[in-house]
Amino acid sequence: WVTIEQDEYVFVLFCNIPWIARDMCAAPYSHVNDGAIDLVYAAPGVDRKELVSAMIDMEEGKHVDGSNKIRYVKCSAVEVTPRDGLVSVDGERFPLAKVTATMSPERLPIVHQAIKPTPEQFEAAVVAAARVPPL
């Protein structure tokens, strides 16, 4: 386990896909079937200007290139216990409580290419994912 204390982050994202929206490449080194969770977080001391710049750079996945304020860690499990703020899981607001994520063994091989999807490709992927039955 890698432990990141509350005082060590401003925001935390954990993903197993690069694109979390059609215009947001949050985890550019993520691969859906690499068995890892990609943890992206802003270190303490980041100011508003740096956060805004990171959000703009996130459109192309450049927010992690050379920044010492935006950290990127590959891991197999994540546990975040926020003391204050907002918790959102997959775009849905959650109570302020511990959030844990672990990787399951590969269940479905998926081939993808690390490119920015068109709006039509993104929408088609969302529709297709909605048809996948839960495990």
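The values are calculated or read from the model by the stated rules, or taken from the named source; none is laboratory data. Keep in mind the model is a prediction, meaning the values are calculated, not measured. FYI the Cβ positions are ideal-geometry reconstructions off the backbone, even for glycines, and counts take in every protein chain you see.
Considering only residues that are out of contact with any strand residue (DSSP E or B) (no Cβ under 6 Å at 6 or more places or on another chain) and of a type in the set (Asp, Glu), which ones fall in segment 61-94?
The answer is ASP65, ASP84, ASP90, GLU92.
Output the residues belonging to segment 50-95 that are without any contact (Cβ under 8 Å) to a residue 24 or more places away in the chain and of a type in the set (Asp, Glu).
Correct list: GLU50, ASP57, ASP65, ASP84, ASP90, GLU92.
Among (1) in contact with a helix residue (DSSP H, G or I) (Cβ under 6 Å, 6 or more places away or on another chain); (2) at pLDDT 80 or above, there is one condition VAL40 misses while meeting the rest; what is its number?
VAL40 satisfies every listed condition except (1).
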